[in-house]
Amino acid sequence: MTSTPSTSTRVAHNALPPSTLSAGRSPQISSHSHIKGLGLTPEGFATVSGAGFIGQTNAREACGVVVDLIKSRKFSGRALLLVGAPGTGKTALALGVSHELGAKVPFCPMVGSEVYSAEVKKTEVLAEAFRRAIGLKIKETKNVYEGEITELTPTEAENPLSGYGKTVSHVVVGLKTVKGTKQLRLDPTIYEAILKEKVVVGDVIYIEQQTGAVKRVGRSDAYASSYDLEAETYVPLPKGDVHKLKELVQIVTLGDLDAANARPQGGQDIMSVMGSLVKSGRTEVTEKLRREVNKVVQGYVEQGVAEVVPGVVFIDEVHMLDIECFTYLNALLESPMAPTVILATNRGQALVRGTVDIVSPHGVPVDLLDRCMIVKTDGYTRDQIGKVVQLRATVEGLKLGEGVVDRLAVEGEKSSLRYALQLLTPASILAQLGGRTQIELEDIGEMRVLFLDAKTSASNLAESGEFNDV
């Protein structure tokens, strides 16, 4: 079958299209930028297309049940295993679960092959991931000065250590609330903290009385403009007095606490500083240190100062773990402070890595499979592929000509959904080079010639026998 040559002028592929973006920074679009949740109704049923999801009705509803279990703290010690062919939405489901749980719940993604590090042990990498997925919400009541800055005046004085130059002796800060105003005379070290926060007149800040720490809350809404979209965060004028008791909430993870306590604090001399620079950036945390951190955290929880927030560990390509990691994973799931674990794999019957004769479903040992709730993802139909293509084109701001969605749906059904989606952006560049504002069928046809899909490439190799001698 011969293709009819296009009547339009062929353009050079290495030409640069005219820039259509404004001087502002354009948002970066990733593979799953369109996923905003699981797309479920309040009753837990999956909509046809919701929150960026197309299809996968049963899998989404199953993940919705798991989300409810996680929120009610009834899923610890168990794991969710997502199984299915490549490109069927396993990672998207895990991200959907993360969105449903909210931004304040820690989500720690990793790939199975990450455990094979030359710096630390395999089990240590898994333990670090689990600790980073357990949050600690610390509530403290502190004496603070809070308000909108009305004055920021540093006062300079002669430097007593040198005859040249001046130094800041103190800074005068005026703060305003709904109830009144107050002028503060502050230490120069607090002025340095103000400079680090990039605070200017009109910003709302609070200064901790005990430590002198400065936190910028946002810009006063009195300075809000009429723009529809701005990068600045506007906050109302604080209520009450300038000097007040304020409850501050800080969220850290157990991994942060482990790392802070495991890092040795050297001296201030030049040799200590140079030693810290040369030393490896990754420190292995001992089990003894973790027990000490857990004991301190447990004390905070019993006092009502802190609250433990179990998060989610997502291990993609879990079949890449070996038998030692799987055994350690069983122990981690049984620990008192265990996060929710989501695993994903695209393997069927496979050899368990690290063994020579143990073949198990999905490449995962049977004793770990017993702990998992398994959810299967289905392949996409041609109609669903077309809807996904149209959704991605909308997210990326691309216009599609007549018949383009159907053509890409056919390509996706014949090869894979990922291949169909990967043709979108290069086809849009080719359309811009040709002076068109939307992608046409001829652009998809040329991309099909320039970029092969995996099945076509494998078929060509089988027929020609190329690279066999390499």
> Quick one: residue 376 ticks every box in (1) touching a strand residue (DSSP E or B) at 6+ places or on another chain (Cβ under 9 Å); (2) modelled with pLDDT of 90 or more; (3) surrounded by 17 or more Cβ atoms within 10 Å (Cβ to Cβ); (4) not hydrophobic (A, V, I, L, M, F, W, C) bar one, so which box is it?
Replying inline: (3)
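Report the residue count in the stretch 298-350 for those that are in a helix (DSSP H, G or I), of a type in the set (Ser, Thr, Tyr) and within 15 Å of residue 113 (Cα to Cα). Walk me through it before giving the result.
Within the stretch 298-350, the first condition is being in a helix (DSSP H, G or I), and the residues that meet it are 298-303, 318-320, 323-333.
Now drop any that are not of a type in the set (Ser, Thr, Tyr), which leaves 300, 327-328.
Filter once more, so that each one left must be within 15 Å of residue 113 (Cα to Cα): none.
Adding up the residues that qualify gives 0.
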> What is the number of the single condition among (1) at positive phi; (2) in a helix (DSSP H, G or I) that residue 87 does not meet?
Replying inline: (2)
> Which residue pairs have Cβ atoms closer than 7 Å, lie 6 or more positions apart in sequence or on different chains, and pair a first residue in the stretch 144-173 that is not assigned by TED's automatic domain parsing to the domain that holds residue 202 with a second residue that is at pLDDT 90 or above?
Replying inline: none
>> Please go through the stretch 281-307 and give me each residue that is surrounded by fewer than 18 Cβ atoms within 10 Å (Cβ to Cβ) and within 20 Å of residue 101 (Cβ to Cβ), ordered by number.
In response: 307
>> I'd like to verify a number: residues in the stretch 184-196 that are surrounded by 13 or more Cβ atoms within 10 Å (Cβ to Cβ) and touching a residue at least 12 places away in the same chain (Cβ under 8 Å), how many?
In response: 8
> Are any of the residues in the stretch 457-468 in contact (Cβ under 8 Å) with a residue 12 or more places away in the chain and either more than 30 Å from residue 65 (Cβ to Cβ) or in contact with a Lys or Arg (Cβ under 8 Å, 6 or more places away or on another chain) (or both)?
Replying inline: no
> Taking the condition free of Cβ contacts under 8 Å to residues at least 60 places away in the same chain and surrounded by fewer than 16 Cβ atoms within 10 Å (Cβ to Cβ), does residue 356 pass?
Replying inline: yes
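Quick one: is residue 135 under 39 Å from the mean Cα position of the chain (by Cα), modelled with pLDDT of 85 or more, closer than 30 Å to residue 329 by Cβ and in a strand (DSSP E or B)?
Working: under 39 Å from the mean Cα position of the chain (by Cα): yes; modelled with pLDDT of 85 or more: yes; closer than 30 Å to residue 329 by Cβ: yes; in a strand (DSSP E or B): yes.
When the stated conditions are applied, residue 135 passes them.
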> Out of 457, 428, which single residue is among the hydroxyl-bearing types (Ser, Thr, Tyr) and touching a strand residue (DSSP E or B) at 6+ places or on another chain (Cβ under 7 Å)?
Replying inline: 428
> Do we find a residue being of a type in the set (S, T, N, Q) and within 18 Å of residue 383 (Cβ to Cβ) anywhere in the stretch 409-418?
Replying inline: yes
> Taking into account only those residues within the stretch 396-417 that are surrounded by 14 or more Cβ atoms within 10 Å (Cβ to Cβ) and under 27 Å from the mean Cα position of the chain (by Cα), which is nearest to residue 66 (Cα to Cα)?
Replying inline: 417
> Would you call residue 331 in contact with a helix residue (DSSP H, G or I) (Cβ under 8 Å, 6 or more places away or on another chain) and either modelled with pLDDT under 90 or of a type outside the set (Ser, Thr, Tyr) (or both)?
Replying inline: no
> What residue, among those in the stretch 67-80 that are more than 20 Å from the chain's Cα centre (by Cα) and closer than 20 Å to residue 368 by Cα, is surrounded by the fewest Cβ atoms within 10 Å (Cβ to Cβ)?
Replying inline: 74
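The values are calculated or read from the model by the stated rules, or taken from the named source; none is laboratory data. From a predicted model like this one, the values you see are computed outputs, not experimental measurements. Because the Cβ atoms are built from the backbone with ideal geometry, glycine has one as well, and the counts that use them run over all protein chains shown.
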